[in-house]
Structures are given as C-alpha cells and as structure tokens.
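Quick note: the coordinates plus some simple rules give every number you see, no bench work behind them. If you're wondering where the values come from, they're calculated on a predicted model, not measured in any experiment.
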C-alpha cells in the first residue's frame with residue numbers, strides 16, 4: 001500500500017480557499033476578444049475582410065472556451081487532433097464559401113446593373 005502523508009496545510013473541517021484566478025484570467029481574455037470583435041464590426045465598413053476577421057476571432061474565442069471550460073487542453077494529443085482536424089476543415093470550408101459567395105454576389109450584381 002502506498003503511504004499518503006496527511007495534508008498539514010488545513011485543519012480538519014476547514015474549507016479550502018477557492019482557486020478563482022484562472023476563471024478571472026479566462027474572463028478577461030474573452031472580454032478582450034469580444035471587445036476586439038466589436039471594434040472590427042463597428043469601425044470597418046462591411047466587407048469580406050471584416051466578416052473574415054470577425055469569424056476568425058469568434059472561432060478563436062470558441063477554441064479558448066473549449067480548451068478552458070471543457071478541459072480539452074488537459075486531454076491526450078490524439079483526442080485534441082481528432083477534434084481539431086475536422087474543425088480546421090470546417091473553417092477552410094467556411095472561408096471557401098464566404099469567398100465564393102462574395103464572388104457570386106458581385107457577379108450577379110454586375111449582371112443586373
């Protein structure tokens with residue numbers, strides 16, 4: 001049997017202090033990303049570049065939420081890659097669809113102009 005040393009930092013029945021530092025760090029990172037999204041949305045004129053920047057920041061925020069709150073950053077590398085590779089392919093598909101949709105929209109607009 002393994003010998004477990006008793007924890008001498010707390011008395012019996014004492015409630016440990018909460019470790020909320022990582023929650024506040026995560027909160028401020030997410031607030032910063034959201035503020036940056038608002039800056040890009042309200043400062044730039046509507047364009048494919050603005051939409052792409054907004055989508056990239058939103059996906060970055062989603063990855064951060066998944067890593068922190070769903071504890072993905074503590075998982076094995078195989079599971080992380082199993083989730084990230086299909087997500088990267090979906091992002092590529094999203095960028096391709098936005099680019100093609102923008103081109104088709106401009107082409108149709110020019111035809112009926």
- Subtracting the Cα-Cα distance from 0.36 nm times the residue separation, let me have the gained length for residue 82 to residue 49 in nm, one decimal. 8.9 nm
- Item | Cα gyration tensor shape of segment 57-113, rounded if a/c is under 1.5, else prolate or oblate by comparing a/b with b/c | prolate
- Message: With the cut-off at 1.5 for a/c, could you classify the chain from its C-alpha gyration tensor as rounded, prolate or oblate?
- Response: oblate
